[in-house]
Amino acid sequence: MIAEIRKIVVQIDAIHHEMGRTIEPATRRAVAMAVIANPYAGRFSDNLDSLTTIGEELGGLLGAKCVEALGIKPEQAQSYGKAAIVGEAGELEHAAALLHPKMGATLRQAVSRGAALVPSAKKMGGLGTAIDVPLGHKEAAFVRSHFDAIEARISDAPRANEIVVAIAVTDSGRPLPRVGGLQAHEIKGQDGLR
Amino acid sequence: MITIRRILTHVEDTFHEFGPAPAKPLRRGAIAAILTNPFAGRFVPDIAPFMEELKPVGLMLAQKLISGLQCAAADVQGYGKAAIVGAAGELEHGALWHAPGGYGMREALGWKGAAAQDGRARPGNALAIVPSTKKVAGPGATIDVPLTHLNASYVRSHLDAIEVRIPGAPTAHEVAYILVMSLGPRIHERLGGLRVDEINRWDGQR
């Protein structure tokens, strides 16, 4: 692994009641975050291949951390998302290099498959900056019950020369979905959309 | 009547912090239960009986956190607790957590084990007072939860804190009760003071 990881944080957010209603089983969202050294901090580099390789490594590592923390089999994962917060000595494109070229493939392995686009967010930030990681159903992006987000934040990161990378995985949709649209049981599962 | 709306579990591994990487990463964790505040919105003089109802919550959260840390109870070295009371509650509602949170966690860590029964204090007893913080605050507020060594409060290497924050909670009529644990001292602790292997009084302090 070429990623130089200072810290890994894993959170599970379980909702048992919402608006007076019991949620049984509880909806559960996991988010796994890694604080990595930014190999391109403080300089412009045309080539961002190191970050792309790190993104490939972290897609698998953080995806597996989420699945492990949820205590589920990979195929029981229902939705996913990804995000990065770049410290101030880096640039937004560094987040893109991590997230887009190669992270999706290893993340999909960690959750057994995934036809749908992995929704993403990115920003520049300082210590304790929060980012809302978008969530979408892993087989069909239009499943409305699974449109959601979970906040990722590490109180002491990213330092200027660091990047916070976050992967979110759930075993459920929102707690009380009732705004219609495509339902999970209606997924055709061919094009990643419906 | 206890209604837990949500449970947030947080586990973190620190692999390095400037300087050389420690032989073993430091693992720390926090767990927060967000529940309905039964006393929100009005002054209730007699709130103490609620502590009895919270006892199983303290034990359950401690056990869940140990499970999240993927360790044995004997591996836990430091602990702390906290409460965040939503805007329609009062600070005293946070204080309800002292006994059930503290004693529940100490029970899960061995305080009521064999060592307690023969009256001889020894490591693993969870002898130290559980350090704490509390506040009244809105959803997403952060709270710094103190950590100290679980057998002797004066062990300097284990004096630490961990920040806890629950996005979206507590709402006005909720309260968040929090427990935290660490599996080791600060990374690169090097400021002397009482060492773990120097604990000798077993009075919870030294």
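No value in this document is a laboratory result; all are computed from the given coordinates. Just so it is clear, the structure is predicted and the values come from calculations on it, not from any experiment. When we count neighbours, we look across all protein chains shown, and the Cβ atoms used for this are built from the backbone with ideal geometry, even at glycine.
Miscellaneous remarks
- Hits in the range A:1-44 (condition: among the charged types (D, E, K, R), farther than 21 Å from A:LEU135 by Cα and within 9 Å of another protein chain (Cβ to nearest Cβ)): A:GLU4, A:ARG6, A:LYS7
- Residue that is more than 14 Å from every other protein chain (Cβ to nearest Cβ), within 27 Å of A:VAL86 (Cα to Cα) and buried (at least 22 other Cβ atoms within 10 Å of the Cβ), where the choices are A:LEU107, A:LEU117: A:LEU107
- Count of the range A:169-187 residues, restricted to those that are out of contact with any Ser or Thr (no Cβ under 8 Å at 6 or more places or on another chain) and in a strand (DSSP E or B), is 1.
- From the list A:GLY81, A:GLY128, A:GLY104, A:GLY90, the lone residue that is touching a residue at least 24 places away in the same chain (Cβ under 8 Å), more than 15 Å from the chain's Cα centre (by Cα) and within 14 Å of A:VAL165 (Cβ to Cβ) is A:GLY90.
- Condition check for B:GLN63: within 14 Å of another protein chain (Cβ to nearest Cβ), among the polar types (S, T, N, Q) and surrounded by fewer than 22 Cβ atoms within 10 Å (Cβ to Cβ): no
- Here B:ASN200 meets each of (1) of a type outside the set (Val, Ile, Thr); (2) farther than 27 Å from B:VAL11 by Cβ; (3) touching a Ser or Thr at 6+ places or on another chain (Cβ under 8 Å) with one exception, condition (3).
- Hits in the range B:30-57 (condition: farther than 17 Å from A:HIS16 by Cβ and within 17 Å of the chain's Cα centre (by Cα)): B:ALA30, B:MET51, B:LYS55
- Filter result for the condition that a residue is within 14 Å of chain A (Cβ to nearest Cβ) and more than 30 Å from A:GLU4 (Cβ to Cβ), over B:ILE47, B:ILE31, B:ILE4: B:ILE4
- Matching residues in the range A:115-130 - criterion: being closer than 18 Å to A:ASP148 by Cβ, part of a loop (DSSP other than H, G, I, E, B) and not aliphatic (A, V, I, L, M): A:PRO119
- Test result for A:LYS65, within 14 Å of chain B (Cβ to nearest Cβ), assigned to a helix (DSSP H, G or I) and of a type in the set (D, E, K, R): yes
- Across the range B:8-26, the qualifying residues are those that are surrounded by fewer than 21 Cβ atoms within 10 Å (Cβ to Cβ) and either charged (D, E, K, R) or within 30 Å of A:GLY20 (Cα to Cα) (or both), and the one among them that is nearest to the other protein chains (Cβ to nearest Cβ) is B:ASP13.
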